[in-house]
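The values are calculated or read from the model by the stated rules, or taken from the named source; none is laboratory data. All values derive from a computational prediction rather than experimental measurement. Don't worry about glycine lacking a Cβ; one is built from the backbone with ideal geometry, like all the others, and counts go over all protein chains shown.
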Amino acid sequence: MGLPCRRCGRRYDAALFAFGRTFHCACGERVARAPRLRSAHDPCEPRFLADAMLGRLARWLRVAGYDTRHEAGIRDADLARAALREGRLILTRDRSLPEEWSLEDVLVLESQDALGLLGEVGRRFRLDWRRRAFSRCSRCNARVEPVARAAVADRVPQGVLARGLALAGCPECGRVYWEGSHTERMRRALAGCLEPGPAPSPRSTRAGTAPRRPVPGCARAGRR
């Protein structure tokens, strides 16, 4: 039967609207499936998919402990498919994306800096960062795990080993984390964005990696 245009009645092959794609009819009306497609996400455990322009936001969400996928240069079509396939909520600043893709789980953000964007997401989803912060690799999103000092001694400065700091490693990319000097600064940034009160100036904080809890805490990162 095809999908009809509500204005002129012209019909389009339903296959064109896979994954929520929409089209402008020749008459100017936008044709889309109804209702909008929803990803099978858990509202109590949000999983995010940041669009190509939101890499810094993705890193901060991972620092806060939230599963956040990001691919630089990902196309909108692949973004929509991945969100539906993996049950993720799309984060974007592109106002046209919800119109071009008939998806329910899209949050259009307004801020221009990473911490402002983080605050928007935090207010929308009430992110509980204190319970899970520094549990994920900020580079690749995998959960970090405790590692023995002997196993990563060649990748960690001797001063860190001598201080007996707890170490955590990423099983995917091999990055090693420990408590670093910028850890408290990052905690203040997270608190300012995700808890009541004024947010810190974005110039005073930098995205990075840092935990306090010894297992699977993270902090300053050592690389292979």
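Can you name every one of the helices (runs of 4 or more DSSP H) wholly within segment 123-166 that holds 3 or more residues which are in contact with a helix residue (DSSP H, G or I) (Cβ under 7 Å, 6 or more places away or on another chain)? Quick ask: steps written out before the conclusion?
Working: elements: 129-132, 149-152, 158-162.
In segment 123-166, no matching helices (runs of 4 or more DSSP H) lie anywhere.
The single condition among (1) assigned to a loop (DSSP other than H, G, I, E, B); (2) acidic (Asp, Glu); (3) at pLDDT below 85 that ASP94 does not meet is (3).
Okay, residues lined up against (1) modelled with pLDDT under 80; (2) among the charged types (D, E, K, R); (3) surrounded by 18 or more Cβ atoms within 10 Å (Cβ to Cβ):
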site	(1), (2), (3)
MET1	yes, no, no
GLY20	yes, no, yes
ALA32	yes, no, yes
ARG36	yes, yes, no
GLU45	no, yes, no
PHE48	no, no, yes
LEU54	no, no, yes
SER111	no, no, no
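So is LEU167 closer than 23 Å to MET53 by Cα and not hydroxyl-bearing (Ser, Thr, Tyr) or not? The answer is no for LEU167.
Within segment 118-164, the only residue that satisfies the criterion of being surrounded by 21 or more Cβ atoms within 10 Å (Cβ to Cβ) and among the charged types (D, E, K, R) is ARG136.
Are any residues in segment 79-135 of a type in the set (Val, Ile, Thr) and without any contact (Cβ under 8 Å) to a residue 60 or more places away in the chain, and if so, which ones?
ILE90, THR92, VAL106, VAL108
Conditions (1) under 13 Å from the mean Cα position of the chain (by Cα); (2) more than 25 Å from CYS44 (Cβ to Cβ); (3) assigned by TED's automatic domain parsing to the domain that holds PRO171, marked per residue:
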position	(1), (2), (3)
ILE90	yes, no, no
PRO98	no, no, no
LEU107	yes, no, no
VAL121	yes, no, no
ALA142	yes, no, yes
